[in-house]
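*Asks:* First the structure, which I've put down as structure tokens, then a few questions once you've had a look.
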Amino acid sequence: MNHSVSNTARLLGAGLRALLVLTLVTGVAYPLVITGIAQGLLPGRANGSEIEADGKVVGSSLIGQSYTLPPKEGQKTPEPDLRWFQGRPANGLGTNSVNTRYELILSGATNRSADDAELIQWVKDAKAAVVEDNSVGGRTVRPSDVPADAVTSSGSGLDPHISPQYADLQVHRVAERNGLSVARVDRLVEEHTRGRTLGFLGEPRVNVLELNIALKELRTRN
């Protein structure tokens, strides 16, 4: 009987020591080492790829943002502020989702088929809005000019980028709304267009937040 109690106590002690050692190694030492390496080598990415403007953090290069006017009384969906470049639609989970304005509560896609009637209607409505908003100054945008990313959300609904084609489509409208020359705004888009990663991964892209920060600085100087 005493031998059994002694053996149990020995095993319990060994288990507690193993728990303590593993807690210190995997719960304290390992996270501190990895955090230290990340902060030393890639501090920007380790801290969430933050973007600063006017001395304060205004967002992340990994998360899209909405550029809308203050909602009017009783208005459920605020209108886009057309002074700024607009990102992709954020209704990846549907028009009644909590993710309709790049909310971070959750992310995901609609998982609807290409022939879904409601999805088709969303795309048609989005295309009509893009055509109407960007047909300015005697320049008419044709439905065929509208790229896919202008009327569809990404798989996460949080995509911070748009295609160079969609950015170019918005140049005339942004220039007119801000009293800037088309050439200068077009050059701004070119300066913020990034090519494929490593030359072959992904597609050319424009970060909308970074582009709008540069646009704000340009407006301030003019």
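*Asks:* I'd like to check something: does the range 25-32 contain any residue that is surrounded by 10 or more Cβ atoms within 10 Å (Cβ to Cβ) and part of a loop (DSSP other than H, G, I, E, B)?
*Replies:* Checked the range 25-32: no residue is surrounded by 10 or more Cβ atoms within 10 Å (Cβ to Cβ) and part of a loop (DSSP other than H, G, I, E, B).
*Asks:* Within the range 143-181, can you find the residues that are modelled with pLDDT of 95 or more and β-branched (Val, Ile, Thr)?
*Replies:* 146, 162, 171, 174
*Asks:* Limited to the range 56-74, what total is found for residues that are in a strand (DSSP E or B), under 17 Å from residue 84 (Cα atoms) and in contact with a Ser or Thr (Cβ under 9 Å, 6 or more places away or on another chain)?
*Replies:* Counting residues in the range 56-74 that are in a strand (DSSP E or B), under 17 Å from residue 84 (Cα atoms) and in contact with a Ser or Thr (Cβ under 9 Å, 6 or more places away or on another chain) gives 1.
*Asks:* Can residue 202 be described as surrounded by fewer than 13 Cβ atoms within 10 Å (Cβ to Cβ), modelled with pLDDT under 95 and either in contact with a Lys or Arg (Cβ under 6 Å, 6 or more places away or on another chain) or outside the structural domain of residue 126 (by TED's automatic domain parsing) (or both)? Explain how you work it out, then say what you get.
*Replies:* Details: surrounded by fewer than 13 Cβ atoms within 10 Å (Cβ to Cβ): yes; modelled with pLDDT under 95: yes; either in contact with a Lys or Arg (Cβ under 6 Å, 6 or more places away or on another chain) or outside the structural domain of residue 126 (by TED's automatic domain parsing) (or both): yes.
Yes, satisfied.
*Asks:* Quick one: which of 17, 83 is part of a helix (DSSP H, G or I) and either in contact with a helix residue (DSSP H, G or I) (Cβ under 8 Å, 6 or more places away or on another chain) or not aromatic (Phe, Trp, Tyr) (or both)? Show your work before the answer.
*Replies:* On the way: 83 fails: part of a helix (DSSP H, G or I).
Exactly one residue qualifies, and that residue is 17.
*Asks:* State the number of residues belonging to the range 160-196 that are in contact with a strand residue (DSSP E or B) (Cβ under 7 Å, 6 or more places away or on another chain) and either free of Cβ contacts under 8 Å to residues at least 12 places away in the same chain or among the β-branched types (Val, Ile, Thr) (or both). Break it down into steps so the answer makes sense when it comes.
*Replies:* Looking only at the range 160-196, we keep the residues that are in contact with a strand residue (DSSP E or B) (Cβ under 7 Å, 6 or more places away or on another chain), and these are 160-164, 167, 172-173, 176, 189, 192-194.
Now drop any that are not either free of Cβ contacts under 8 Å to residues at least 12 places away in the same chain or among the β-branched types (Val, Ile, Thr) (or both), which leaves 162, 189, 193.
Adding up the residues that qualify gives 3.
*Asks:* Return the pair list, or none, for Cβ contacts closer than 9 Å from residues in the range 114-142 that are loosely packed, with under 11 Cβ neighbours inside 10 Å to residues that are part of a helix (DSSP H, G or I) and of a type in the set (Val, Ile, Thr), at least 6 apart or on different chains.
*Replies:* As it stands, the answer is 114/120; 137/182; 140/131; 142/131, since those pairs meet every condition given.
*Asks:* Related question: Kindly indicate which of 70, 80 is in contact (Cβ under 8 Å) with a residue 40 or more places away in the chain and under 30 Å from residue 179 (Cβ atoms).
*Replies:* Details: 70 fails: in contact (Cβ under 8 Å) with a residue 40 or more places away in the chain.
After applying the criteria, what remains is 80.
*Asks:* Follow-up question, since we're still on this one. In the range 168-193, what residues are among the charged types (D, E, K, R) and in contact with a helix residue (DSSP H, G or I) (Cβ under 9 Å, 6 or more places away or on another chain)?
*Replies:* Residues of the range 168-193 among the charged types (D, E, K, R): 168, 173, 176-177, 184, 186-187, 190-191.
Residues satisfying the conditions are 168, 173, 176, 184, 186, 190, 191.
*Asks:* Looking only at the range 69-81, count every residue that is in contact with a strand residue (DSSP E or B) (Cβ under 9 Å, 6 or more places away or on another chain) and more than 19 Å from residue 152 (Cβ to Cβ) and tell me the total. Show your work before the answer.
*Replies:* Applying the first criterion (in contact with a strand residue (DSSP E or B) (Cβ under 9 Å, 6 or more places away or on another chain)) to the range 69-81 yields 69, 77-81.
Within this subset, residues satisfying the condition of being more than 19 Å from residue 152 (Cβ to Cβ) are 69, 78-79, 81.
Within the range 69-81, residues that are in contact with a strand residue (DSSP E or B) (Cβ under 9 Å, 6 or more places away or on another chain) and more than 19 Å from residue 152 (Cβ to Cβ) number 4.
The values are calculated or read from the model by the stated rules, or taken from the named source; none is laboratory data. This structure is a prediction, so every number in the text was calculated from the model and none was measured. Here the Cβ is made from the backbone with ideal geometry for all residues, glycine too, and neighbour counts use every protein chain on show.
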